[in-house]
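Engineer: Take this structure, written in C-alpha cells, and hold onto it; I'll ask about it next.
The values are calculated or read from the model by the stated rules, or taken from the named source; none is laboratory data. Fair warning: this is a prediction, and the values are worked out from it, not measured in the lab. Cβ coordinates were reconstructed from backbone atoms using ideal geometry, including for glycine residues, and neighbour counts include every protein chain displayed. Protein only, heavy atoms only, side chains kept; ligands, DNA and RNA dropped before computing areas. Shrake-Rupley method; radii C 1.70, N 1.55, O 1.52, S 1.80 Å.
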Amino acid sequence: MGRVYIVDEDVEGYLSKLCSQQQAGPVTGLLIGQCSAQRDFVVIAAQTPKDEESAEKPIDKEWVSEHARQVSRMLVGGLTVLGVFMITDADAKDTITTLRQLVFAVENLISSEQKWSPADDDVTDCVTLHVNPKTRKTVCRTFDIKDPKSAAKPADWKYQSGVGSCWTTVSCWLNVDLLIPLPDSRNTKESTQKGLQEGLKVWTRQIESAVCLIDGKKLPEDSELTSGQKRNVRQTYTAQLLTTGDEQRSADVVHPCGGSVSVRGAVHCRAFLHKLLKRDAISTVATRVQILLDEPLASEEQIKDASGGKQQTEELCLPLRIFCSLKASWSLYVCDYQFSDEGLSETVDRLKEMLDVDAAEEDLDTTQEMTAEVTQRSVPTEPPVETIEELKPKRNNYMGAFMAAAAALLATAASMLYLSDM
C-alpha cells in the first residue's frame, strides 16, 4: 500500500485556481506540509515564480530547485517541502520522468543546506502530483529520494478541511554564543564559507544533544503534548533548550586562523512538533549566516584601505526573523528574514513571490526579534577587561577580517555581524 497524503481543502482551491488560469505551458510548484511515519499532511501549495532567464524553457529544473531552496528557508520547524506538482494537459505517464527529475533536484539542493543530522525514522519518500487542467484529474506518486534508482509508487491523495488546525506550536528563545575560526588561506569566498560551515557543525552537534524541557519537564520525542484536542483548537507551549559547552570547548584547538565569526545573542525558534524545535534552531542560525554570505561584502583590500592598516571591527546586522500567519482562523506560520534597511513591504513582496501568499503588513509578527544598535569602532590593542575573561584564550589565535578575517555577533534578541581586521 502506498503513502497517504491528507491535503487541506485550501490546497485544492489553489490548484483549481491555477487550472482555470490560462497558461502558456506547464505550471510547476511545491507541495509543503508535515510528514509522519504513516501519512503526510499537505497544507500549502506554491507555484514556481516566473523567471526571465528561464522563460524560454518549458520547465527549468534549476529554477524550480532554487525556488524550493528559498522556500525551505521560510518554513518553521515541522513544515517541509514534501514534493512538487505539475499542471499540464500532457498525459500523466509522459510526465513521470520530468517529475522524478524535479523532485530529486529539489531534495538534493535543500538537503545540501541542512546542518542537522537526519534521524533513522525520517521519511525519505517525496511526492509528485500531476494535475490535468481540463479534467482536474490528479495522479499522485512518490519516490524514495535516498534511492537513485527508485521507481514511482502510487499514493493516495485525499482532501480534507482544517488540516493542521490543531497542530501544537512550541516556541523558545535560544541564547547563542559561538566562535567560528576562519581559515588562514582566506583569499576566496569558498574557503571562508567552508570555514563557517565546519564551525557551524560543532555548534549543531551541541544543539542536537541539548535537553528540551516543556513546562519544565523532559518528554520523549515521540510523546504527544496533549490528548483529546478538539478540531480547530490550537495549543501553544514555550520550551527551553538546555545546552552545555563541553563539546564545543573540546573542539577548540590552537592553530593559525585568518579570522573568526562570533555569533552571540538570542534567536526565536518555532516548530509544530516539539521534537523538531532543535532543527528549527539550527536552521534559523545557519540560514542567516548563509543569507549574509550571499550578500556582496567588502573585499580584504577595501577593509584594509578603510582601516589604514589598523585593527578594526566592522558590524553588519544579520537579518531578523519575521513571522507571518497564513490563516485567520488558525495559526499556520511561515517566516522571512529582513535586513535592517528593508521595509515590511519587501517582506510582503517576497511572501507573494515565493509562496504566492497575499499577506498584508498587519499579518506580520515583528515582535519576536529586534534590531540591535550598530556601532563601528576600532578595537584597541589591549581588549577591555570584560572581554578578556572569556575570549582571551581564543582571541590571540583568531584575528582578522571577514573574507580577510572576521568576527561576528548575534546581539540579544537581535542579529549582528562584527567584522574585525588586524
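Engineer: Report the FRET efficiency, 1/(1 + (r/R0)^6), for Ser111 and Lys327, where r is their Cβ-Cβ distance and R0 is 30 Å, rounded to 0.05.
Structural biologist: Values: r = 29 Å, r/R0 = 0.95.
Result of the calculation: an efficiency of 0.55.
Engineer: Hey, another quick one. Counting other Cβ atoms within 10 Å of each Cβ, which GluC sites (Glu not before Pro) in the range 1-106 have at most 13 and sit in a DSSP loop? Intermediate values should be presented prior to the final figure.
Structural biologist: Details: sites: Glu9, Glu12, Glu52, Glu53, Glu56, Glu62, Glu66; in loops: Glu56.
Passing both the DSSP loop test and the Cβ count: Glu56.
Engineer: Provide the packing ranking of 262-271, 348-357, i.e. peptides ordered by the mean count of other C-beta atoms within 10 Å per residue, highest first.
Structural biologist: Numbers: 262-271: 22.6, 348-357: 18.1.
My ranking of the peptides, most packed first, is 262-271, 348-357.
Engineer: What accessible area per residue, rounded to a whole number of Å², is obtained for the range 9-155 using a probe radius of 1.4 Å? Intermediate results must be reported in sequence, preceding the final value.
Structural biologist: Details: 7170 Å² over 147 residues.
Per-residue accessible area for the range 9-155 comes out at 49 Å².
Engineer: Let me ask something else. Could you work out, for the range 4-160, what percent of all Cα-Cα pairs fall into each 5 Å distance bin, beginning at 0 Å and stopping at the bin that holds the largest distance?
Structural biologist: 2, 9, 20, 24, 23, 14, 6, 2, 0
Engineer: Which trypsin sites (Lys or Arg not before Pro) in the range 138-195 pass both tests, a DSSP loop state and at most 10 other beta-carbon atoms within 10 Å?
Structural biologist: Numbers: sites: Arg141, Lys146, Lys149, Lys158, Arg186, Lys189, Lys194; in loops: Lys146, Lys149, Arg186.
Here the trypsin sites (Lys or Arg not before Pro) that fit, given the DSSP loop and packing criteria, are Lys149.
Engineer: Full extension from Ser191 to Asp349: what is 0.36 nm times the residue separation minus their Cα-Cα distance, to one decimal in nm? Walk me through the numbers on the way to the answer.
Structural biologist: Values: separation 158, 0.36 × 158 = 56.88 nm, distance 3.32 nm.
Computed gain between Ser191 and Asp349 is 53.6 nm.
Engineer: Let me ask you something else. Gain in length, Asp341 to Asp91, computed as 0.36 nm per residue apart minus the alpha-carbon separation, to one decimal in nm? Don't skip to the end; give the middle numbers.
Structural biologist: Numbers: separation 250, 0.36 × 250 = 90.00 nm, distance 4.80 nm.
The span from Asp341 to Asp91 would gain 85.2 nm if fully extended.
Engineer: May I ask which of Lys93/Lys149; Lys115/Lys146; Lys134/Lys158; Lys61/Lys327; Lys61/Lys149; Lys50/Lys275 have a Cα-Cα span longer than 26 Å here? Display every interim value, and only then the final one.
Structural biologist: On the way: Lys93/Lys149 18 Å; Lys115/Lys146 17 Å; Lys134/Lys158 20 Å; Lys61/Lys327 31 Å; Lys61/Lys149 19 Å; Lys50/Lys275 36 Å.
The pairs that break the limit, which is 26 Å between Cα atoms, are Lys61/Lys327; Lys50/Lys275.
Engineer: Another question, if that's okay. Quick check: from the Cα gyration tensor, does the range 319-373 come out rounded (a/c under 1.5), prolate or oblate?
Structural biologist: Details: a/c = 2.29, a/b = 1.44, b/c = 1.59.
Since a/c reaches 1.5 but b/c is at least a/b, the shape of the range 319-373 is classed as oblate.
Engineer: While we're here: About the Cα centre of the range 319-373, how large is the charge dipole given +1 on each Lys and Arg Cβ and -1 on each Asp and Glu Cβ? Please answer in debye to the nearest 20. Numbers along the way, then the final one.
Structural biologist: On the way: 4 positive and 14 negative charges, 58 e Å.
Charge dipole of the range 319-373: 280 debye, to the nearest 20.
Engineer: Work out the FRET efficiency for Asp365 and Gln23 from their Cβ-Cβ distance, taking R0 = 35 Å, and round it to the nearest 0.05. Could the numbers behind the result be given before it?
Structural biologist: Values: r = 34 Å, r/R0 = 0.97.
Efficiency, rounded to the nearest 0.05: 0.55.
Engineer: Express in nm, to one decimal, how much length is gained between Gln38 and Glu53 on full extension, taking 0.36 nm for each residue of separation and deducting their alpha carbon distance. Working shown, then result.
Structural biologist: Values: separation 15, 0.36 × 15 = 5.40 nm, distance 4.02 nm.
This chain segment gains 1.4 nm when fully extended.
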